[in-house]
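What follows is calculated from the coordinates using simple rules that are stated; it is not laboratory data. Source: prediction; values computed, not measured. In this analysis, Cβ positions are derived from the backbone assuming ideal geometry, glycine residues included, and neighbour counts consider all displayed protein chains.
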Amino acid sequence: MGSLRVRPFEEADLPDAAAALVEVHATDGYPVEGVSDPEAWLRSDDVLASWVAEADHQVVGHVAVMSPNGEDAVALWIRQSGESPERVAVLGRLFVTKRARNRALGEELTQTATAYAQTHGLRLVLDVMTKDTAAIRLYERLGWRRIGETTHHYGDGQQTSALCYVAPSS
């Protein structure tokens with residue numbers, strides 16, 4: 001894999017980003033929802049900004065900064081910090097295809113989203129399923145702080161344990 005870069009998402013990226021999402025779901029079981037209509041999931045009305053990772057002009061990763069939509073991590077952070085809800089956003093839709101891993105693309109995507117949030121006066125939070133150990137290691141290595149635990153509900157009454165994190169302060 002040659003040239004790598006992270007850049008803002010463009011509408012023309014949607015089919016390739018959706019295909020990468022389906023690929024990640026097949027290899028990792030992430031995400032647990034959204035795979036039936038990956039284009040709609042990636043372009044949710046809650047997306048404030050998003051980026052893709054490219055390798056050799058092919059989309060191999062994605063991340064988004066999103067408006068809160070009932071996430072437990074948001075409620076936990078607001079309760080713990082006293083932060084105004086308007087100043088909190090969610091890091092979401094982060095994935096990198098298996099063939100593009102171990103090249104720091106997940107780190108670069110996360111840092112790009114974090115920089116955007118800081119520039120816009122937002123504090124990022126997220127929840128991550130406990131099964132996603134590589135993602136947990138990434139967030140902790142980048143200084144995200146665990147603020148609690150929750151249960152992620154999805155699908156037809158399914159659930160799994162998850163951890164809530166807040167991004168480091170700027």
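Taking the condition on the phi < 0 side of the Ramachandran plot and in a helix (DSSP H, G or I), does residue 89 pass? Step through it out loud before you land on a result.
Numbers: on the phi < 0 side of the Ramachandran plot: yes; in a helix (DSSP H, G or I): no.
Against the criterion (on the phi < 0 side of the Ramachandran plot and in a helix (DSSP H, G or I)), residue 89 does not qualify.
Restricting attention to the range 77-105, which residues are surrounded by 13 or more Cβ atoms within 10 Å (Cβ to Cβ) and among the polar types (S, T, N, Q)?
Residues satisfying the conditions are 81, 97.
Within the range 14-51, work out how many residues are of a type outside the set (Gly, Ala, Ser), touching a Leu at 6+ places or on another chain (Cβ under 9 Å), more than 18 Å from residue 107 (Cβ to Cβ) and in contact (Cβ under 8 Å) with a residue 24 or more places away in the chain.
Residues in the range 14-51 being of a type outside the set (Gly, Ala, Ser), touching a Leu at 6+ places or on another chain (Cβ under 9 Å), more than 18 Å from residue 107 (Cβ to Cβ) and in contact (Cβ under 8 Å) with a residue 24 or more places away in the chain: 8 in total.
In the range 52-105, what residues are without any contact (Cβ under 8 Å) to a residue 24 or more places away in the chain, among the hydrophobic types (A, V, I, L, M, F, W, C) and either more than 12 Å from residue 125 (Cα to Cα) or touching a strand residue (DSSP E or B) at 6+ places or on another chain (Cβ under 8 Å) (or both)?
Residues satisfying the conditions are 78, 104.
Are there any pairs with C-beta distances below 6 angstrom linking a residue in the range 133-153 that is touching a residue at least 24 places away in the same chain (Cβ under 8 Å) to a residue that is of a type in the set (A, V, I, L, M) and in a strand (DSSP E or B), with the two at least 6 apart or on different chains, and if so which?
135/128; 136/128; 147/166; 150/162; 152/129; 152/162
Please go through the range 25-51 and pick out each residue that is touching a strand residue (DSSP E or B) at 6+ places or on another chain (Cβ under 7 Å) and closer than 20 Å to residue 163 by Cα.
Across the range 25-51, the qualifying residues are 30, 32, 33.
State all residues of the range 65-86 that are hydrophobic (A, V, I, L, M, F, W, C) and in contact with a Phe, Trp or Tyr (Cβ under 8 Å, 6 or more places away or on another chain); if no residue qualifies, say none.
Residues of the range 65-86 that are hydrophobic (A, V, I, L, M, F, W, C), as a first pass: 65-66, 73-78.
Matches in the range 65-86: 65, 73.
Just give me the residues in the range 1-18 being over 13 Å from residue 98 (Cβ atoms) and surrounded by fewer than 15 Cβ atoms within 10 Å (Cβ to Cβ), in sequence order. It would help to see each step written out before you state the result.
Keep residues of the range 1-18 that are over 13 Å from residue 98 (Cβ atoms), which gives 2-18.
Matches in the range 1-18: 2, 3, 5, 7, 8, 10, 11, 12, 15.
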